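Asker: Take a look at the following structure, please.
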Amino acid sequence: MERIFYTMELMAGVSNLILAFFLHFSRLPRPVKNHRKLHARTCLEAAYVIIGGLSLAVAFAEGHVNGSLGDLKAFFIQGISPLQVLLLSWAFLLPIYTNERIDRLMGGQLTGALLLLIANTVYYFGFHGQPGTVVAYVLLGIYVMLAAFCVALFIKLGGDWEKLHPERVRMMRTRVYPLWIGLGVLTVLSVAVSLFPNLIFQFVFTGMYTLFYFIFALKYHNSMMADAESETKEKPSETTEAAPQPAIIACDEKEDEPQVVKVHVDDYMDKSMKVKYVDIGERLGEWISAKHYLHAGVTIQGLSKSIGVNRTYLSNYINETYHMNFNTWMNRLRIDEAKRRIVESPTGSLAEIAEEVGFADLAHFSKQFKLLEGMSPSVYRKNIREMNEMSEINEMVM
């Protein structure tokens, strides 16, 4: 049985390393400008390299194992699984948010996963620990909490992303959710195998996660390929010289739709800067269209990182194009969105609207609203209600 077990580990290690190379060297139709997507794929590659390398380490541990083979596999599952769950989660989470606070939370979780790996290593190899002890249960409990945090974060961020991209809900349900469900099932099984470190159970679990990792890699790659092809169709060919494009910002002058303000870069730039500013305008236009400014905690550093633009160029572009600094520009976008929502729902809660458009609290929202609009949001809402009532009266009279 042990010989079969080692063979299974060898196959798992080789297959996962092959998948890591496949992900790394697979060519997309054109470079993806969203750097967060590339970072997400890097996280996935790291997960495959780690699981593949350690599977090979277990496979070649035959004849060099102090203690039972089941205990070695229990450490492998309990120590490495938190890091794997984290990296696989990041592969989906990184492309759907732009928030430095979330980045810090995930960085803290990475620290926790690494500390848990170190604790398991010290316990199993330094103190010859075994499954079924109090210490092993404590370490397993921490792993469960880390996994639960990943799930809760995905539910929150995924829900927010779907609200901003209702056209992508079907894609999330057909491509992303099934993989998340599979990851959840695999996590539960890893906990069960850690509680009952039977060699047969571990053998079956190794085969299951090897198959899952294979499907996961192919599905993820296909999703990346489809997104890149969509971007290619939407972008003009790089071989053709594009005419200078205007920068666009929404400056809500109408109740039904934002006014489009066009600022031509020809008027004040040399040719090299025109090219850079047109590129920045395109990337920033996509970001605005996706309404990522509604996320709380957006900073110019986070925005520049998200769209892959130098921070100084981005700051200069915003100042020269919109004639306002970054913070005022962000507040302008959010207040415009808040005005649209007040018009659509004059009886809605101002506190809820403030949170939905990215403000930390109602007080800050009211301050910025009055600063930019010359009146408080409650007065603006009252005016909208009165206008609606007058319209109803006029319709009844006519």
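Asker: Any idea which of Gly53, Gly108 is of a type outside the set (D, E, K, R), under 30 Å from Val357 (Cβ atoms) and either at pLDDT below 85 or open to solvent by 20 Å² or more (accessible area, probe 1.4 Å) (or both)?
Answerer: Gly108
Asker: Are any residues in the range 23-33 at pLDDT below 75 and either part of a helix (DSSP H, G or I) or open to solvent by 40 Å² or more (accessible area, probe 1.4 Å) (or both), and if so, which ones?
Answerer: Arg27, Pro29, Arg30, Pro31, Lys33
Asker: Follow-up question, since we're still on this one. Among (1) surrounded by 12 or more Cβ atoms within 10 Å (Cβ to Cβ); (2) more than 16 Å from the chain's Cα centre (by Cα); (3) in a helix (DSSP H, G or I), where does Gly141 come up short?
Answerer: (1)
Asker: Kindly list the number of the only condition in (1) over 19 Å from Lys382 (Cβ atoms); (2) out of contact with any helix residue (DSSP H, G or I) (no Cβ under 6 Å at 6 or more places or on another chain) that fails for Arg340.
Answerer: Among (1) over 19 Å from Lys382 (Cβ atoms); (2) out of contact with any helix residue (DSSP H, G or I) (no Cβ under 6 Å at 6 or more places or on another chain), the lone unmet condition for Arg340 is (1).
Asker: If a residue must be modelled with pLDDT under 90 and either part of a loop (DSSP other than H, G, I, E, B) or open to solvent by less than 50 Å² (accessible area, probe 1.4 Å) (or both), how many such residues does the range 118-138 contain?
Answerer: Total meeting the criteria: 11.
Asker: Return the residues of the range 192-207 that are touching a residue at least 60 places away in the same chain (Cβ under 8 Å) and either open to solvent by less than 30 Å² (accessible area, probe 1.4 Å) or part of a helix (DSSP H, G or I) (or both); say none if nothing qualifies.
Answerer: Answer for the range 192-207, where residues must be touching a residue at least 60 places away in the same chain (Cβ under 8 Å) and either open to solvent by less than 30 Å² (accessible area, probe 1.4 Å) or part of a helix (DSSP H, G or I) (or both): Val193, Ser194, Leu195, Leu199, Ile200, Gln202, Phe203, Phe205, Thr206, Gly207.
Asker: What helices (runs of 4 or more DSSP H) lie completely within the range 300-393 and have 2 or more residues being of a type in the set (Val, Ile, Thr) and surrounded by 15 or more Cβ atoms within 10 Å (Cβ to Cβ)?
Answerer: 300-307, 311-322, 326-344
Asker: Sticking with this one: Being acidic (Asp, Glu), surrounded by fewer than 15 Cβ atoms within 10 Å (Cβ to Cβ) and free of Cβ contacts under 8 Å to residues at least 12 places away in the same chain, is that true of even one residue in the range 153-166?
Answerer: no
The values are calculated or read from the model by the stated rules, or taken from the named source; none is laboratory data. Just so it is clear, the model here is predicted, and its values are computed rather than measured. Methodologically, a virtual Cβ is constructed for each residue, glycine included, from the backbone with ideal geometry; neighbour enumeration extends over all protein chains shown. We work out accessible area using only protein heavy atoms, side chains counted, and drop any ligands, DNA or RNA first. Shrake-Rupley method; radii C 1.70, N 1.55, O 1.52, S 1.80 Å.
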